[in-house]
Every structure is written in structure tokens, then in C-alpha cells.
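What follows is a single structure, written as C-alpha cells, with notes after it.
The values are calculated or read from the model by the stated rules, or taken from the named source; none is laboratory data. Note that this is a predicted model, so its numbers are computed, not measured. No Cβ is skipped: glycine too gets one built from the backbone with ideal geometry, and neighbour counts run over all protein chains shown. Please note that ligands, DNA and RNA were not included when accessible areas were found on the heavy atoms of the full protein model with its side chains. Shrake-Rupley method; radii C 1.70, N 1.55, O 1.52, S 1.80 Å.
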Amino acid sequence: AGSARSPSLATAATSSRCPPAPRPPFPARTRAAPGDEDRNLCGGQGADDRQTRFWSVDSGAVIHQLVGHREAVSCVAVSSDGILLITGSLDASVKLWDIRSGIELANLFVGSACTCCAFDAEAAHIMAGTQDSSLHIFNTKSLQERHTLLSHHLGVRACVFSADSTKVLSAGSDA
């Protein structure tokens, strides 16, 4: 934990969870999957309509429309290899998707509205921050929760793994 006005830094072995980032008025850019014939598979956007759309940057066409959350989608993240996508929602869930097929691979419960999410460098772990001030770290393959980190008082607003995936940084609404 840090001071009341500073972000928290914790080892990945200790805890994790994050709140939603502000949504831009345009699709967020992501990387295309290696070897993908359409290298323009580059945009994702969360929405209040409970859907996530994956866009082609070149054509502006929707490639996948991902449906499954019961409440607004508040955050999205793409794995560094461009194969997996996670979406976090106000319905207290984080969904793992296959970008190429648009198929939902997993639904993870985080106990409170998910406000932010991230993959580690190798996509071995998923982190989700929540409105109830916790960070959740899940193993991507087993889907088991490895850690729940509690350090903020008013909700997590942002989270990220360190470059070597051994630490996490979280920012909250703490006064």
C-alpha cells in the first residue's frame, strides 16, 4: 500500500484488481494477431449497450460484436500476442475472448463492478480492478484466482503489470 494520495505498488504474488478507464469516442487501438491476414484487426470498444465491438482500423467495419455481459462494459484489454481479449463489466464479471473467432472462453466473477483490466506481458495472468477497492489476479490457463489484493479505500481506477510481470501498479479514488 502507499500513502492516501499515491498509487499502490504490490508484488503480483500479493494482490490485484482495477476500475474502468474513461472510454474514448473512438475504438481503442490494439495489435493484430501474428500471422493474421487482416493486420487491421486493431480496435476494441466497451459500451453501455453491454456489447463490445472489435473493429478494422482500415475499413471501419465491425469484425466481431461480442455479447454476453448483463451490464455496461467498462474496460477492455488485448494480450500482447493479439490473440486474447478481456472485457470487464459493471455486472462484476470479466470475460476472456478469442479475438479471431469472437468466442467467449471464460467468465470470471470479481464480486463488484469491474473498473479496469489488464494482461501481463505473456498473457499468463489477467488482472481486474473493482469498484469495491480490490484487485483480482487470475491464471489465464487454469482460470483460478491467484490473489486478491486489498489496499484502496474508494475503488480501483487503473491497473497495470510491470514489464517483467512480477509487480502490479494500481491507482484508486482514495482521498
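Taking all protein chains in place and a 1.4 Å probe, what share, in percent, of the accessible surface of the stretch 47-164 do carbon and sulfur account for?
Carbon plus sulfur share of accessible area: 51 percent.
Which whole-number percent gives the relative contact order of the stretch 55-119, counting Cα pairs below 8 Å spaced six or more residues apart?
Computed over the stretch 55-119, the figure is 29 percent.
For the stretch 131-173, what is the accessible area per residue in Å², given a 1.4 Å probe and the full set of protein chains?
Using a 1.4 Å probe on heavy atoms only, each residue of the stretch 131-173 averages 54 Å².
Could you list, bin by bin from short to long, the percent of Cα-Cα pairs of the stretch 69-108 in 5 Å steps?
The percentages, shortest bin first, are 6, 28, 32, 23, 10, 2.
Please compute the length gained on full extension between Val57 and Leu154, using 0.36 nm multiplied by the number of residues separating them and subtracting their Cα-Cα distance.
31.3 nm
For the pair Asn139/Asp164, report the inter-label distance in nm, with labels modelled 7 Å from Cα in the Cβ direction.
2.2
Hey, can you grab everything whose amide H is under 5 Å from the amide H of Cys75? Only 5+ residues off in sequence or another chain; H modelled, so Pro and N-termini drop out.
Correct list: Gly88.
What ³J(HN,Hα) values, in whole Hz, does the Karplus curve 6.51 cos²θ - 1.76 cosθ + 1.60 give for the stretch 150-162 when θ = phi - 60°, with x put for Gly and Pro?
10, 8, 8, 9, 10, x, 8, 10, 7, 8, 7, 7, 5
Across the stretch 75-175, how large is the tail of the calculated P(r) beyond 19 Å, expressed as a percent of all Cα pairs?
Summing the P(r) tail past 19 Å for the stretch 75-175 gives 34 percent.
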